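Below is one structure; the comments refer to it alone.
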Amino acid sequence: MDGAPRSTFASRLGRITLSDFRKLGTTRKFTAGDQLFMEGDAPGNVFLVESGSIKVYMISPAGTELILGFRGAGDLLCETSALEGIPRSTCGTGRVDGEVTEVSRSAFRSFIRRHPEAMAHVFSVIRDRLRDSDQERLSYASESVAARVSRKLASWAAMYGSPEPGGKVVIRGFSRRELAQSVAAAEKSVDEVLVALRAAGLISTGRLQIVMNDPHRLLSWPLAQP
């Protein structure tokens with residue numbers, strides 16, 4: 001938890017270039033539960049998140065959701081599909097009410113041609129997501145459920161947490177099901193880890209709320225869970 005602001009596509013673009021990008025699209029509202037795009041869809045519009053939060057996920061052959069992340073203000077979505085002309089590889093559903101600027105595939109490609117520097121920022125977005133994906137795959141193969149849960153909580157604390165007195169950090173609005181889907185584990189296994197973390201005094205939990213009593217200790221917690 002270094003407190004550094006999260007870098008997004010919008011934050012990397014200059015103010016004028018970002019304004020030019022927004023002029024190409026249409027801003028529309030979405031609510032929690034709205035389906036913005038589906039895995040397997042034909043290449044189409046790209047989305048710049050202006051506010052709120054979007055859950056990005058994949059669906060396994062068994063029908064299980066695997067959450068890849070939550071995208072917020074400044075994040076760009078569906079750029080790879082639009083650039084390469086390939087079907088979309090993920091699903092996106094509104095998680096917290098907000099707005100997106102939706103830009104057509106043809107307008108996005110024209111924008112990239114007119115602003116070559118923007119292509120570098122798109123590549124940075126893709127690179128960061130590939131790096132995160134590689135780290136997640138390594139985690140699934142080499143870490144216990146306990147390790148994955150504690151690492152994910154520490155990550156959420158850094159990205160979404162609100163400081164509390166005494167060095168505590170609270171994250172709100174995340175369900176245990178979403179936590180389980182984010183670490184590719186059964187909800188029962190995740191519940192067992194949360195019980196152990198509470199017993200160790202590292203967290204306390206409430207309805208859609210987790211308080212990290214010492215976020216830094218989460219990553220060094222003795223992970224004896226299977």
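Side notes on the structure shown:
- Note on region 167-178: among residues that are part of a helix (DSSP H, G or I) and free of Cβ contacts under 8 Å to residues at least 40 places away in the same chain, the one that is surrounded by the fewest Cβ atoms within 10 Å (Cβ to Cβ) is ARG177.
- Qualifying positions in region 10-54 - polar (S, T, N, Q) and in a strand (DSSP E or B): THR26, THR27, GLN35, SER51, SER53
- Evaluation of PRO163 against (1) in contact (Cβ under 8 Å) with a residue 40 or more places away in the chain; (2) under 24 Å from VAL96 (Cα atoms) (one fails), failing number: (1)
- From LEU83, LEU18, residue being open to solvent by less than 40 Å² (accessible area, probe 1.4 Å) and free of Cβ contacts under 8 Å to residues at least 40 places away in the same chain: LEU18
- Considering the conditions (1) farther than 21 Å from SER104 by Cα; (2) small (Gly, Ala, Ser); (3) open to solvent by 70 Å² or more (accessible area, probe 1.4 Å), GLY33 is excluded by exactly one of them, (3).
- The residue that is nearest to the chain's Cα centre (by Cα), counting only those in region 63-80 that are part of a loop (DSSP other than H, G, I, E, B), closer than 14 Å to LEU36 by Cβ and not small (Gly, Ala, Ser), is ASP75.
- Residue identified as surrounded by 13 or more Cβ atoms within 10 Å (Cβ to Cβ), closer than 18 Å to GLU84 by Cα and among the aliphatic types (A, V, I, L, M) among VAL149, VAL145, VAL125: VAL125
- Residues being of a type in the set (D, E, K, R), open to solvent by 40 Å² or more (accessible area, probe 1.4 Å) and either more than 15 Å from PHE30 (Cα to Cα) or touching a residue at least 40 places away in the same chain (Cβ under 8 Å) (or both) - total across region 40-80: 3
The values are calculated or read from the model by the stated rules, or taken from the named source; none is laboratory data. What you are looking at is a predicted structure, and each value in this text was computed from that prediction instead of being measured. All Cβ positions, glycine included, derive from the backbone under ideal geometry; neighbour counts span all protein chains shown. The accessibility values were calculated without ligands, DNA or RNA, using every heavy atom of the protein model including side chains. Shrake-Rupley method; radii C 1.70, N 1.55, O 1.52, S 1.80 Å.
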